[in-house]
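The values are calculated or read from the model by the stated rules, or taken from the named source; none is laboratory data. Not measured: the values here are computed from a predicted model. Heads up, the Cβs are rebuilt from the backbone with ideal geometry, glycines too, and the neighbour counts pull from every protein chain shown. Just the protein is used for accessible areas: all its heavy atoms, side chains included, with ligands, DNA and RNA removed. Shrake-Rupley method; radii C 1.70, N 1.55, O 1.52, S 1.80 Å.
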Amino acid sequence: MRPSIIRRSGVLASLRSGCHTFFFSSSIFPDAAAAADGPSSKPLSMAEYLVRSWGLSAAEASKVSKLSRGKSTQKADVVLNFLRSEGFEDSYIKKIVILLPDFIVYDVKNNLAPKLRSFVDMGFSKSDIIEIIASNPSILTLNLKRSILPKLEIWERLFGSRELLVKIVKKNRWCLWYSLEKRILPNLKFLREECGISEDRVSQAARLHPAFVGQKPEALHALVDRADELGMPRQSPMYLWTLYILQTVSKENFKAKRDLFMSLGWSQTDFSEALRKSPSFLSLSVDELRKKMHFYVEEVGCTPPRIAKNPSLLGFSLKKRMIPRFRVVEMLKSKRLWTVKCKFTTLVTFSDKKFVEKFVIPYKEEVPEVVKILEGQEGIPLALHSG
């Protein structure tokens, strides 16, 4: 079994003892001191030093030296040697200092080393620690005991595993910046106790969109009010997804899309039904929605209410899936080879492989045009050759 994410006694003990046990080794200080005391024929400016020792370009070095409060190349040597001794590649080191210029003069003994050591005590691998720090070095400006450790504990519980925690924290650099007291904990309490959302559903939402849990509570409350006004049941599997979609769609934009569907034949009941089944269509632009509705109604012959009952149809690519497949069907019909009874709205949901196996490969010798129609579509050529 994996160790708990926070071995508080070990971490706090190391903090109280002055953190003389460093990240992975403690050989940095003698080497750095020797480098700092070595002879130098001519003192380098900070910008020149950053180019020579940290591998920055002249422009990058100039910017970092201006933004950083550091003026001592000796202190910067301690940081640089520490990072290299602990496995940070030069590309990572360069990325860190560009994102966080003051990093060059951080206190290794009392700041960097104990914070990185805490990640080790949490059970993170060396490679994970390096990638997390390189992707979001500013987390090292946070307080270890009051911020970093408690937030990692909460996020791991929400994500469900250490692997997902590492993966999501590396991709979402703001995860560790959201306030526990002002945002995360109040939002979790509101969703569970006032909205009746289960732990599992909240965790799923957090895994997909950490920012949803980290938004301001008043913004989350406003989204819930909008969903209630639309008649979205809170126990619906689509409820949290609807809240997320509404977060990305302003009230004005929402109204424009609803008005579009009304002008194209949907009733208010149709719109509400589509929203409850698959709110994702609201993330598309008004122009995309207009073109897709026109295709299904004018070309395929669907009625607007039928599309409302299957709103996921609006999520497929018009250029890469809907039009090419429709042309294949029409080609086979023109050759009197179409004997399938299922509707096009069903065919468009088939995977590329299934569609090719059923409606292209059996006819590619007799009607080579069906192959040409699909050539160049993502994923199709491979399926054709495998057939």
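Brief remarks follow.
- Pairs where the first residue, in region 332-353, is more than 18 Å from residue 318 (Cβ to Cβ) and the second is surrounded by 13 or more Cβ atoms within 10 Å (Cβ to Cβ) and of a type in the set (Gly, Ala, Ser), C-beta under 6 Å, 6+ apart: 353/383
- Candidate set: region 295-304, residues that are touching a residue at least 24 places away in the same chain (Cβ under 8 Å) and in a helix (DSSP H, G or I); chosen: the one surrounded by the fewest Cβ atoms within 10 Å (Cβ to Cβ): 299
- Number of the exception - residue 47 against (1) under 26 Å from residue 116 (Cα atoms); (2) of a type outside the set (Phe, Trp, Tyr); (3) part of a helix (DSSP H, G or I): (1)
- Scanning region 335-357 for residues that are exposed (fewer than 14 other Cβ atoms within 10 Å of the Cβ) and more than 25 Å from residue 281 (Cα to Cα) yields a count of 4.
- Count of region 328-381 residues which are acidic (Asp, Glu), at pLDDT 85 or above and in a loop (DSSP other than H, G, I, E, B): 2
- Only one of 246, 313, 332, 282 that is out of contact with any Cys (no Cβ under 9 Å at 6 or more places or on another chain), open to solvent by less than 30 Å² (accessible area, probe 1.4 Å) and closer than 30 Å to residue 363 by Cα: 332
- Residue ID - surrounded by the fewest Cβ atoms within 10 Å (Cβ to Cβ), chosen from residues in region 88-123 that are among the polar types (S, T, N, Q) and more than 27 Å from the chain's Cα centre (by Cα): 110
- Filter pass, residue 220 being within 29 Å of residue 136 (Cβ to Cβ), aliphatic (A, V, I, L, M) and either surrounded by fewer than 17 Cβ atoms within 10 Å (Cβ to Cβ) or within 20 Å of the chain's Cα centre (by Cα) (or both): yes
- Tally of residues being of a type in the set (S, T, N, Q) and farther than 30 Å from residue 71 by Cβ across region 96-155: 2
- Residue in region 28-41 that is crowded, with 18+ Cβ neighbours inside 10 Å, at pLDDT below 90 and under 15 Å from residue 112 (Cβ atoms) present: yes
- Any hit, region 186-199, residues being modelled with pLDDT of 95 or more, part of a helix (DSSP H, G or I) and of a type in the set (Phe, Trp, Tyr): yes
- Selection status of residue 384, open to solvent by less than 40 Å² (accessible area, probe 1.4 Å), modelled with pLDDT of 85 or more and not in a loop (DSSP other than H, G, I, E, B): no
- Per the listing 164, 140, the residue uniquely touching a residue at least 24 places away in the same chain (Cβ under 8 Å), within 27 Å of residue 90 (Cα to Cα), part of a helix (DSSP H, G or I) and open to solvent by 10 Å² or more (accessible area, probe 1.4 Å) is 164.
- In a residue-by-residue description of region 98-119, the property of being part of a helix (DSSP H, G or I), in contact with an Asp or Glu (Cβ under 9 Å, 6 or more places away or on another chain), closer than 23 Å to residue 46 by Cα and not hydroxyl-bearing (Ser, Thr, Tyr) applies to at least one position.
- Criterion: within 30 Å of residue 151 (Cα to Cα) and in a helix (DSSP H, G or I) - qualifying residue of 243, 260: 243
- Test result for residue 65, open to solvent by 10 Å² or more (accessible area, probe 1.4 Å), closer than 30 Å to residue 202 by Cβ and either among the hydrophobic types (A, V, I, L, M, F, W, C) or not in a loop (DSSP other than H, G, I, E, B) (or both): no
- Of 323, 307, all but one fail to be open to solvent by 10 Å² or more (accessible area, probe 1.4 Å) and either under 30 Å from residue 370 (Cβ atoms) or aromatic (Phe, Trp, Tyr) (or both); the exception is 323.
- For region 249-279, filtering for residues that are open to solvent by 20 Å² or more (accessible area, probe 1.4 Å) and either of a type in the set (S, T, N, Q) or in contact with an Asp or Glu (Cβ under 8 Å, 6 or more places away or on another chain) (or both) leaves 8.
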